[in-house]
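A short worksheet on the structure shown next.
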Amino acid sequence: MKGVKGIIFVASLLSNCITGGLAASAPLGRRDAVILAPPTEVDNGHPAWSEKDLITDPAFNALEPDAPTLITGDPTKILGRQASATGSTTSTVSPTPTAFTSREGKFSRDMLKITNDLRAIHGSPPVVWNKTLATYASRQGRKCDFRHSHGPYGENLAGGGPMNNPVWYQWYLYTEVNNYDWNEPGFARDTGHFTQLVWKSSKEIGCAWIAGCSNLAYQVWCEYFPAGNVSPVFHYTENVGRAKSGIPDAPPTYDPLYK
């Protein structure tokens, strides 16, 4: 059975415990775990999703993002805090989040480019930036409550650390294309972020990059309008085209602007 990915959390693990902070300056290319929130689907006009979170196999390699996905009860407990020598926990990030939305031109340009480049692979028309959607994403993300907002838009969420580049997270969600069954199109737990990202009928996007929540260092919130992932199945046939090329190379995992 396919599994739904949501937006990405990455935490450096050793024996399933965090041994270092979520600093953006951490070495790249090492093994990490990725925690995901499930994608959304519109069923009979109503958003529907499971609030279960997912965590990848501990052997996950950030440079080979196709590891098997396992369900975990409450993965956010391992994020944003680290054990001290005395066994207590201390916050590794600021409790006051900052956000990048449409006000920062680089962020909106970067997110539009990666999104439209990936959509083009499937023959989907480019989306345009919508400040209302970006503001909505920022308001939801600043709550530091990493779960779906139950709002009126299509919504993809991702986050983590040490990866701090929002473009990398968008690319990572796209790699769900590897799991999509073109002979049996439709919504699935491990491809729902990909199908929303390339959904042809979605015309507008607005995203926010949230840094500094104590429960999760980095978060990307992206809202799509009209929402994708609309049942029944024939909508997937119409809106998710076959790829014209393979998955592009991964963007950098670190961008100093977003530290």
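Assorted remarks:
- Tabulated pairs, region 180-200, first closer than 22 Å to S245 by Cβ, second among the polar types (S, T, N, Q) and open to solvent by 20 Å² or more (accessible area, probe 1.4 Å), C-beta under 7 angstrom, 6+ apart or interchain: P185/T237; D190/T69; D190/N179; T191/N179
- A Cβ distance below 8 Å, combined with a sequence gap of six or more or placement on separate chains, defines the contacts here; from region 236-259, residues that are over 21 Å from Y224 (Cβ atoms) and of a type in the set (S, T, Y) reach residues that are open to solvent by less than 60 Å² (accessible area, probe 1.4 Å) and modelled with pLDDT of 95 or more in the pairs S245/I121.
- Condition met for V230 (farther than 24 Å from D43 by Cβ and in contact with a strand residue (DSSP E or B) (Cβ under 6 Å, 6 or more places away or on another chain)): no
- Region 230-259 - residue that is among the polar types (S, T, N, Q) and crowded, with 19+ Cβ neighbours inside 10 Å and, of those, modelled with the highest pLDDT: N239
- Pairs where the first residue, in region 110-133, is within 21 Å of T237 (Cβ to Cβ) and at pLDDT below 95 and the second is among the aromatic types (F, W, Y) and crowded, with 16+ Cβ neighbours inside 10 Å, C-beta under 7 Å, 6+ apart: none
- Tally of residues being closer than 21 Å to W209 by Cβ and either open to solvent by less than 10 Å² (accessible area, probe 1.4 Å) or assigned to a helix (DSSP H, G or I) (or both) across region 120-142: 12
A quick yes/no check of all residues on (1) touching a Leu at 6+ places or on another chain (Cβ under 9 Å); (2) surrounded by fewer than 22 Cβ atoms within 10 Å (Cβ to Cβ); (3) assigned to a loop (DSSP other than H, G, I, E, B):
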| site | (1), (2), (3) |
| --- | --- |
| C144 | yes, yes, yes |
| R147 | yes, yes, yes |
| H150 | no, yes, yes |
| A158 | yes, no, no |
| N164 | yes, no, yes |
| Y169 | no, no, no |
| L173 | yes, no, no |
| E176 | yes, no, no |
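- Restricting attention to region 230-257, the residues that are out of contact with any His (no Cβ under 8 Å at 6 or more places or on another chain) and part of a loop (DSSP other than H, G, I, E, B) total 14.
- Any hit, region 184-194, residues being of a type in the set (S, T, Y), buried (at least 22 other Cβ atoms within 10 Å of the Cβ) and under 15 Å from the mean Cα position of the chain (by Cα): yes
- Scanning region 201-229 for residues that are part of a strand (DSSP E or B) and open to solvent by less than 40 Å² (accessible area, probe 1.4 Å) yields a count of 18.
The values are calculated or read from the model by the stated rules, or taken from the named source; none is laboratory data. The structure presented is a predicted model; accordingly, all values stated were derived computationally and were not measured. Cβ atoms come from the backbone with ideal geometry, glycine included; neighbour counts cover every protein chain shown. Keep in mind that these areas ignore ligands, DNA and RNA; they rest on the heavy atoms of the full protein, side chains included. Shrake-Rupley method; radii C 1.70, N 1.55, O 1.52, S 1.80 Å.
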